[in-house]
Every structure is written in C-alpha cells, then in structure tokens.
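Below you'll find the structure, written out as structure tokens, and then a few comments.
What follows draws every value from the coordinates through simple rules; no lab data is involved. Nothing here was measured: the structure is a model prediction, and the numbers come from that model. Using ideal geometry, Cβ is built from the backbone for each residue, glycine included, and neighbour counts are taken over all protein chains shown.
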Ligand SMILES: C[S@@+](CC[C@H](N)C(=O)[O-])C[C@H]1O[C@@H](n2cnc3c(N)ncnc32)[C@H](O)[C@@H]1O
Ligand SMILES: [Zn+2]
C-alpha cells in the first residue's frame, strides 16, 4: 500500500513531503497526484503520459513466466542474502555474509574480476528453477557505511527501493523474508505498476521515469535493488543511506546462449558492462559479486513468454517468435540462464545530487 511508504516519497515538482488525502496525495505547496484505483501513485512533474516502460503484453508475458516459477531460484537467493541484512544490520553484514557464505545449491563460477569492476549489462533476462552454479567474491570490508552502527533502519522500518520493479516479483519475495521492511516499487509502466501495487501489502508502487530525479527522500533507503532494469547511479546513490547497499542483477553474455540465435533474441552487449562500470564509478564501490547459472526447463509457451517479456519484444512479433519456437523446439527447450548479482556500497564523500527534503528520520541531510 502506498501509505506504507508515503513518508519516504517527495513531490516531484517542489520536492517537499507528501500527505495523503482521499484518492490523492498532495504536498504543502498544493501540488497533488492521483492515486490510481489499482493502488499505485504516479509521481511525475507533468509528464505522466510520456512515461516509457513495458507494454501490457510484455508485462503479461513477464507475469506468466514468473508465475510459472522459472525465476524462483534467483528470487530466493536474493531474498536470502538481502533480507538478513535488512533485519540484521547492513554495516559489515552484506560484506560479511555475502562473502564466503554461498552454500547449498550454488556452487561455482566465482568471477575473477577486480572488486571495483562491474560486469553485466542492461537487458531483460530469464531465470529458472534450478540453481546450478554461483559463488561469491570476497572483495574486502564494506566501504562507505559504518557511521550508523548498522541497523539500516534509522529508527524506522528499513526501506527497499526497487528500481524498474516490473511486477514487483523480487521485491515481494524479499519482503516476505524481511517482515519489518517496506518496499517502494518504481516503474514507468502502468501495467507493471498495477501488479507491483498488489504484489505485497508492504509495497508502495510509484510511477516515474527512473532516468530522472526519483521522488524519494535523500538517504532514506537501506537497500536499492535493480533487477534487469535501467539504472540512474546518481539518484540511486542519493536515495541510499550511507550504510545502505545497492544490489544489481544483470544477465551475462552467456545468458540463454542456446536459443539466442534461432529465436533472434536481443543479445547482451559486452560493452554494456563497461558502460555500467563507468556509470557507477564515483558513486558506488563493488563489495561482492555472485555468479549464478540456472538450467531452465521450458515449454513452448514458457519460451514465448521469456522472449516476449524482454527487449526482443520491441523488435519481433509474437506469431513470428512462436513459429520459430515450433520449428526448433516443438516440445520445449532447456536453455541456461546466466546472471551476475553485484552488491555495491555507496562511495562516501560523493557530491550530493540533492533532490528533495532531508531524510525522513534520523539520517543525515546530506551524504559526505
Ligand atoms: C526487464 S524489466 C525488469 C522488471 C523486474 N525488475 C523483473 O526483473 O521482473 C525492466 C522494467 O523497467 C521498466 N522501465 C524501463 N524503462 C524505465 C524507465 N525509464 N523508468 C522506469 N521504469 C522503466 C519497465 O517498465 C520494466 O518493468
Ligand atoms: Zn509540491
């Protein structure tokens, strides 16, 4: 519900706090914003109609694919890792627990990149039921976040901001494992927002373009999550508490390698990882990096949903993709999904890109 997170939100026009009224919210300056009947709040300074975001068909495909459970292993893994930190303390926690503690079904593929390098790319991806591999990299102690003493809550429920949350699938799963936490699902697609708003009672869903200023208070989030979604490093840094963490999930270049060619999928551009690195430089320092490969077992319908929920949907039509699936995999396929999960700490001393009022509770007004 939006009321769960309203105190963390700001007016996109004047950046003051928001108050709830019947069917809408408003700021002290009188700017007001409709609460959709579906429960989400569009917070844009007069450009709601121009919002980008996934189409109705893409979101339907994503919902169906997620609902079939192909992403469960990734969602569980994220929830396991991140919920403990939200409830148990962020400072030292993420670095401590994420490093060297990956056990169970995850068992391999430790990446050998330097700690402050980023890999991955902006793309939509697929996930699967069976975790096949994954390890973590111990890249040293947490940086940039010891002054709070580690609760990550600053006197209130820890808040998770999910950037490009889609249907809210990962955020809802995380909140189920973190009973005290609240989540802000940010997306530009009203079709996604409708789902996210009802994905969990402690989710508040807001519609905005994440490429611009986020209508969220400075230094209010204990965790910022970004799963296959666009990123805005300056804003993610600004909304994050100094002791908070940024978790980014990206597909690797090996992602769905078996089906990329025959189905004409949009591929992961290796140069995107360089661009991502450059984007985050100066804002975040990588703390940990996990690789995770999943063997999927997909019916033809699953394959179609997987293709049509991602960027390929912008280039190809469903009947065309269905025909290609029928031609190559009439009884389904078993491609490998391949992801990287990165955990970053905000750089201390980063120049403030201040948008909005001071933190909601307890936190510092600016990050230095
Ligand atoms: C590939 S989907 C990932 C959704 C979700 N994180 C998941 O993995 O299920 C990318 C999401 O980002 C949203 N998106 C794309 N561009 C955006 C923008 N400029 N501002 C806000 N959301 C955006 C899309 O609507 C979509 O829901
Ligand atoms: Zn205002």
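Would you mind putting 189-200, 16-27 in packing order, based on average other-beta-carbon counts within 10 Å, highest first? Intermediate results must be reported in sequence, preceding the final value.
Numbers: 189-200: 23.5, 16-27: 14.8.
Packing order, densest peptide first, comes out as 189-200, 16-27.
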For region 261-318, the Debye formula with one identical point scatterer on each Cα and no solvent gives log10 I(q)/I(0) at q = 0.12, 0.16, 0.27 Å⁻¹ as -0.48, -0.76, -1.14
10 Å-binned pair-distance histogram of region 152-284 (Cα, whole percent): 13, 39, 33, 13, 2, 0
Which value, in nm² and rounded to one decimal, describes the direction-averaged projected area of the C-alpha convex hull of region 1-80? 7.1 nm²
In whole angstrom, the spacing between the Cα centers of region 251-267 and region 16-89 equals 28 Å
Okay, which of region 183-210 sit inside 16 Å, backbone N to the point 7 Å along the Cα-Cβ direction of residue 318? 191-192
